[in-house]
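Encoded as structure tokens, the structure appears first; notes follow it.
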Amino acid sequence: MKKLFGVVLVLLALIMAGCSSESDGEAQNFPDGDIEIVAPASPGGGWDATARAMQNIFDEEGLIEENMNVTNQPGGGGEVGWQYLKDQDAHTISINSSLVITNNLLGQSDLTYEEFTPLAILSTEWISVAVPPDSSFETGAEIMEQLEEDPTSLTIGVGPALGNNDHLSFVQAAHEFGVDVSQVEFLVYESGGDVLTALLGGHVDVATMSVSESKEQHVADEIEIVAVSSEERIEGLDEVSTWQEQGVDMVFPHWRGVMGPPDMTEQEVNYWNEKISEMVETDAWQEVMANNEWQPFYHNSQESEEFLAEQTEMYDELIQQAGLVD
């Protein structure tokens, strides 16, 4: 009887070892199919450019051997692409941004970042505040001083909608300065290009937009950037002081990241951590960032999860302060 019991134990051990080996083998075989990178927007623009840059660098640097495709899933400010991602496995990843947070907070989507697997924050643009060259304002702080005295005295151009980063970065700066943000008059335009046109045409007193949209005109002396949301001064705009230098305690990144579908395994997350961390160190990625006026802002999967939680809390407060929700 004892011998029989011993034989059973040995058999059970062998079966468990075999299952473990099979499981390890499956994990080690990932990926075992085509890779898909979702750009949740039409071709062109930041999401699409990010996805295609990742595909090219993964391929050309030999970081990923599997076949890779970028698929565009436009609609709903990312909603269509992210709904698609929910039904995929770890061979599919998607570009994201703050809209994965703010769409939900503004009541425009039921999705939250917590339904997905954060994989990385890749890069950031910084946000500028600009005025016409003949404006009496020389700094962002001077703008805030006037708005503190009379919040309705200036018109602020923003696009393409209230609740985006350009808008909320201005809200944060104004709130930190002591402005009654709910009274500030924003004029909404369809795009950053339209905001710039409005500023050049004298239709708004101030405009808030990404640095990539304003830098060229600033260098050409067609507009004047009076503040940027970065922690340090931006290369090529060394004469422009940050909000922090002007006494406004804020840093506001306009970031883009990557997330995977729900319920990814630890091995799958580790795979993408390794590949993405290698990608952001390549010269090719540095060139992409320089060409697009993006800045390094890499966070790995764990850091991204913490960052997204912090961003959600911040955006919730800013949306409340701006009076965008009841």
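The values are calculated or read from the model by the stated rules, or taken from the named source; none is laboratory data. What you are looking at is a predicted structure, and each value in this text was computed from that prediction instead of being measured. Neighbour counts are summed over all protein chains in view; Cβ atoms, including those assigned to glycine, are modelled from backbone coordinates with ideal geometry.
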**Asked** Is there a residue being surrounded by fewer than 23 Cβ atoms within 10 Å (Cβ to Cβ), more than 21 Å from Gln295 (Cα to Cα), among the hydrophobic types (A, V, I, L, M, F, W, C) and touching a strand residue (DSSP E or B) at 6+ places or on another chain (Cβ under 7 Å) anywhere in the stretch 92-104?
**Response** no
**Request:** Report, ordered by the first and then the second residue, all pairs with beta carbons closer than 7 Å, sequence separation of six or more or different chains, a first member in the stretch 273-289 that is farther than 22 Å from Thr92 by Cβ and in the same structural domain as His299 (by TED's automatic domain parsing), and a second member that is loosely packed, with under 13 Cβ neighbours inside 10 Å and at pLDDT below 95.
**Result:** Met289/Pro296
**Request:** Being among the small types (Gly, Ala, Ser) and either over 12 Å from the mean Cα position of the chain (by Cα) or under 16 Å from Glu231 (Cβ atoms) (or both) is the filter here, so list the residues in the stretch 293-317 that pass it.
**Result:** Ser301, Ala309
**Message:** When you scan the stretch 162-170, do you find a residue that is part of a helix (DSSP H, G or I), touching a residue at least 60 places away in the same chain (Cβ under 8 Å) and among the hydroxyl-bearing types (Ser, Thr, Tyr), even just one?
**Reply:** yes
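May I ask you to verify whether Phe137 is modelled with pLDDT of 95 or more and within 25 Å of Leu324 (Cβ to Cβ)? Show your work before the answer.
Numbers: modelled with pLDDT of 95 or more: yes; within 25 Å of Leu324 (Cβ to Cβ): no.
Criteria not met by Phe137.
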**Asked** Among the residues of the stretch 167-203, how many are buried (at least 22 other Cβ atoms within 10 Å of the Cβ), farther than 12 Å from Leu147 by Cα and in contact with a Leu (Cβ under 7 Å, 6 or more places away or on another chain)?
**Response** 2
**Message:** For the stretch 258-265, check the following and say yes or no: at least one residue is closer than 27 Å to His175 by Cβ, buried (at least 17 other Cβ atoms within 10 Å of the Cβ) and modelled with pLDDT of 95 or more.
**Reply:** no
**Sole exception among (1) buried (at least 16 other Cβ atoms within 10 Å of the Cβ); (2) more than 16 Å from Gly140 (Cα to Cα); (3) of a type in the set (Val, Ile, Thr) for Ile223, by number** = (2)
